[in-house]
Amino acid sequence: MRTRDQLLDSLASDLAPVRPAPNLVLLIGSWLLGSLAYVVLSTWILGPLRPGVAAQLLDHPRFLFEMSFGLVAISVLAIALFRSAIPGRLTRRMAILAIGLVSLWLFNYVAGLLSPALAPSMLGKRPHCLVETLIYAVPPMLAAIYWLHRLYPLRPLRSALLAGLAAGLLPAWYMQLACMYEPVHILSRHILPGLLVATLAPVLMWLIVRLRR
C-alpha cells in the first residue's frame, strides 16, 4: 500500500505548469478598445461617415444619448462576457444588468419606428452595410473566443453567446454614424446581422470544445 508521501509525489509528478490568468480589467479594456478601434478604422477605410453626423450629435440630444447609451450597454456586456469565463465572477445581478441595458438600447430603435431620434433619411447610405457589419464583427468575436478558451468558462456556450453579442453589436452601433439613419434599415441591416453573430459564436465554441476532447 502506498504511503501518503508516495501518493502525493505520484500526483505531483503529473502536474504541469499553468499560466496565470490575465488581469481581468486589462483584458476587458484591451478587447473593448481594440475591437472598437478595429471597427472604426475598417469602417473609415471602406467609406466616410455620414455627412453632417457631428452636427447631428450636437443638435439632437436624443441621438447623442442613443449613441452614448449604446456604448455603455456594450461595455457592460463586455464586462459580463469576460466575467462569465471565470467561475464565480459573473453575478446574477451583473448578467441581468448587461442584458437589460442592451435590451433597452435595442428597444430604442423599435420605438424609433414611431418616433425616431433623427428624421429618416437616405443620406450616407452604404450599399453593403449588412455585409460590412458581419465582417467587422468576426475578428472581435474570434479574439473574445480565444481569450474565453484560455480562461475557464464553466458554461462555454453561454460565454460564447455573450462574446458574439458584444462583437456583433459594436459595428451595429457604429453604423448609426457611418450609414443612413432610418429605423427599419437600422433594425434589418445593422442590428440583425449583429445578432446573427451572437448565434454563430456558440457554434464555433462548441466545435472548439469538441475538437479538443
Quiz item: Largest first, what is the accessible-area ranking of I186, I135, I208 with a 1.4 Å probe?
Solution: I135, I208, I186
Quiz item: FRET efficiency for L207 and I96, Cβ-Cβ distance as r, R0 = 30 Å, nearest 0.05?
Solution: 0.55
Quiz item: Which residue, chosen from F63, L24, I74, occupies the Cα position most advanced towards the positive end of the dipole of the chain, where the dipole is computed from +1 (Lys, Arg) and -1 (Asp, Glu) charges on Cβ about the Cα centre?
Solution: L24
Quiz item: Leaving out ligands, DNA and RNA, what percent of the accessible area of the chain is carbon and sulfur, probe 1.4 Å?
Solution: 70 percent
Quiz prompt | Selection from G34, M94, L104, by position along the positive dipole direction of the chain (Cβ) | solution = M94
Self-check item: Max mean-square fluctuation residue, GNM over the chain, Cα-Cα springs under 10 Å, options V197, V25, V110
Solution: V25
Exercise. Please work out which option in (1) 8, 34, 36, 18, 3, 0; (2) 7, 27, 30, 20, 11, 4, 0; (3) 8, 31, 30, 16, 7, 3, 3, 1, 0 gives P(r) over Cα pairs in 10 Å bins from 0, in percent calculated from these coordinates, and answer with its label.
Key: (3)
Quiz item: What's the angle, to the nearest 10 degrees (0 to 90), between helix 192-212's Cα axis and the longest principal axis of the chain?
Solution: 20 degrees
Quiz prompt | Solvent-free Debye scattering, log10 I(q)/I(0), computed from the Cα coordinates of segment 153-213 at q = 0.22, 0.23, 0.24 Å⁻¹ | solution = -0.78, -0.82, -0.86
Practice problem: Would you work out the relative contact order for segment 23-212, in percent, from Cα pairs under 8 angstrom that are 6 or more residues apart? | Solution: 29 percent
Practice problem: Report relative contact order for segment 113-213 in percent, whole number only (criteria: Cα-Cα under 8 Å, sequence separation at least 6). | Solution: 40 percent
Quiz item: What value, in deg cm²/dmol to 500, does the helix sum -39500 (n - 2.57) over DSSP H runs of n ≥ 4 give at 222 nm once divided by the residues of the chain?
Solution: -24000 deg cm²/dmol
Exercise. Would you work out if segment 70-139 is rounded, prolate or oblate? Take a ≥ b ≥ c from the square roots of the eigenvalues of the alpha-carbon gyration tensor; rounded if a/c is under 1.5, else prolate when a/b is larger than b/c, oblate otherwise.
Key: oblate
Quiz item: What order do W44, W206 take when sorted by accessible area (1.4 Å probe), most exposed first?
Solution: W44, W206
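The values are calculated or read from the model by the stated rules, or taken from the named source; none is laboratory data. Only a predicted model underlies this, so the values are computations on that prediction, with no experimental measurement involved. Note that we place each Cβ from the backbone using ideal geometry, even for glycine, and neighbour counts take in every protein chain shown. Each accessible area value is taken on the protein alone, full model and side chains, heavy atoms only, with ligands, DNA and RNA left out. Shrake-Rupley method; radii C 1.70, N 1.55, O 1.52, S 1.80 Å.
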